[in-house]
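Coordinate-derived values only; no laboratory data. Just so it is clear, the model here is predicted, and its values are computed rather than measured. Here the Cβ positions follow ideal geometry from the backbone for every residue, glycine too, while neighbour counts run over all protein chains shown.
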Amino acid sequence: MPMSSPILQASDLQKVYGAGESRFHALRGVSLDIAEAETLAIVGPSGSGKSTLMHVLAALDRPDGGTVRFRDQDLGALTQRELDTLRNREFGFVFQQFHLDEGASVMENVAMPLMVGRIPRRDRREAVLQALEPLGLEGRIDERAGNLSGGQRQRVAIARAIVNRPRVLFADEPTGALDQENGEKVARLLFDLHEQYGLTLVMVTHSGELAERCGRQVSILDGRLSDPASTTMEGAR
Ligand SMILES: Nc1ncnc2c1ncn2[C@@H]1O[C@H](COP(=O)(O)OP(=O)(O)OP(=O)(O)O)[C@@H](O)[C@H]1O
Ligand SMILES: [Mg+2]
């Protein structure tokens, strides 16, 4: 029996891209429970479906079959608008390639989820400063994002991911584009956020070393989890 009900529960997920000749079955029946405040690594070779799975879990994409539940709520039953609101409130995202607006300031980049969530302008700067502070970037708030180094950009992306105080942080190869030293800094920050706020961390990574530091690892191969026994949540920490 699980200790508590999972924060996320995926059941028999299917995802098919394209049609006809180019049809590709990217998820083939993935079931996975994720416990509140656990750290989970999703590992597997290139093209195995890691990003696809993460996007479906994070409600960035809808599955073609199966269900995702967030705190017992079936995401498939929500309208797009309801889904967008839930994602904005509950989930944060960090991607390999940062996805910042390079021409905009750090402030504007980090405030983006606050604008989506209709947080009044007068409250945004304080929230952005609070998100930047643990990342050591509060002094760069008015800098153009494009002027920052790769490691700093990824820290700005993390600040953007946590500015709304999400319950789940999804990170897709968060250290993939960084050198060893900056990768280690970013990894440490992610685990610190988990420790401090009980943030649930779901991380796709090629780094065996990073995956080892997570409470649990699941491997995906050709759209299937390779060890179904690992998909229950005994490893939460
Ligand atoms: N939008 C798309 N249209 C068609 N096929 C896609 C699309 N996105 C992904 N795929 C295919 O689905 C499969 C899984 O892709 P996915 O991006 O999930 O892999 P991944 O495990 O994240 O790989 P990587 O480690 O290289 O990032 C791949 O074969 C990919 O080519
Ligand atoms: Mg990927």
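So in segment 27-43, with the set limited to residues that are surrounded by fewer than 22 Cβ atoms within 10 Å (Cβ to Cβ) and farther than 19 Å from L190 by Cβ, which one is farthest from ligand 2 (Cβ to nearest atom)?
D33
Please verify whether segment 154-176 includes one or more residues that are part of a helix (DSSP H, G or I) and without any contact (Cβ under 8 Å) to a residue 24 or more places away in the chain. Give the derivation first.
First pass over segment 154-176, keeping only residues part of a helix (DSSP H, G or I): 154-162.
Keeping just the survivors that are without any contact (Cβ under 8 Å) to a residue 24 or more places away in the chain gives none.
No - not one qualifying residue is present in segment 154-176.
As an exercise: evaluate N88 against (1) out of contact with any Gly (no Cβ under 6 Å at 6 or more places or on another chain); (2) surrounded by 13 or more Cβ atoms within 10 Å (Cβ to Cβ) and give the number of the one condition it does not meet.
All conditions are met except number (1).
So which pairs qualify, if the first residue must be in segment 33-45 and farther than 13 Å from C214 by Cα, the second must be hydroxyl-bearing (S, T, Y) and within 15 Å of ligand 1 (Cβ to nearest atom), the Cβ gap must be under 7 Å, and the two must be at least 6 apart or on different chains?
Correct list of pairs: G44/S219.
Could you say which residue among T67, T79 is out of contact with any Lys or Arg (no Cβ under 9 Å at 6 or more places or on another chain), without any contact (Cβ under 8 Å) to a residue 12 or more places away in the chain and either within 23 Å of P174 (Cα to Cα) or away from ligand 1 (no atom under 16 Å from the Cβ) (or both)? Step through it out loud before you land on a result.
On the way: T67 fails: without any contact (Cβ under 8 Å) to a residue 12 or more places away in the chain.
The match here is T79.
Taking the condition hydrophobic (A, V, I, L, M, F, W, C), outside any strand (DSSP E or B) and away from ligand 2 (no atom under 16 Å from the Cβ), does L83 pass?
Working: hydrophobic (A, V, I, L, M, F, W, C): yes; outside any strand (DSSP E or B): yes; away from ligand 2 (no atom under 16 Å from the Cβ): yes.
So L83 fits the description; yes.
Quick one: is V156 over 26 Å from L13 (Cβ atoms), under 18 Å from the mean Cα position of the chain (by Cα) and surrounded by 14 or more Cβ atoms within 10 Å (Cβ to Cβ)?
On the way: over 26 Å from L13 (Cβ atoms): yes; under 18 Å from the mean Cα position of the chain (by Cα): yes; surrounded by 14 or more Cβ atoms within 10 Å (Cβ to Cβ): yes.
For V156, the condition - over 26 Å from L13 (Cβ atoms), under 18 Å from the mean Cα position of the chain (by Cα) and surrounded by 14 or more Cβ atoms within 10 Å (Cβ to Cβ) - is met.
Give all pairs with beta carbons closer than 7 Å in which a residue from segment 7-20 that is on the phi < 0 side of the Ramachandran plot meets a residue that is assigned to a loop (DSSP other than H, G, I, E, B) and surrounded by fewer than 22 Cβ atoms within 10 Å (Cβ to Cβ); count only pairs at least 6 apart in sequence or on separate chains.
From residues that are on the phi < 0 side of the Ramachandran plot, the pairs are I7/E36; I7/R71; I7/R167; Q14/D64; K15/D64; V16/R23; V16/D64.
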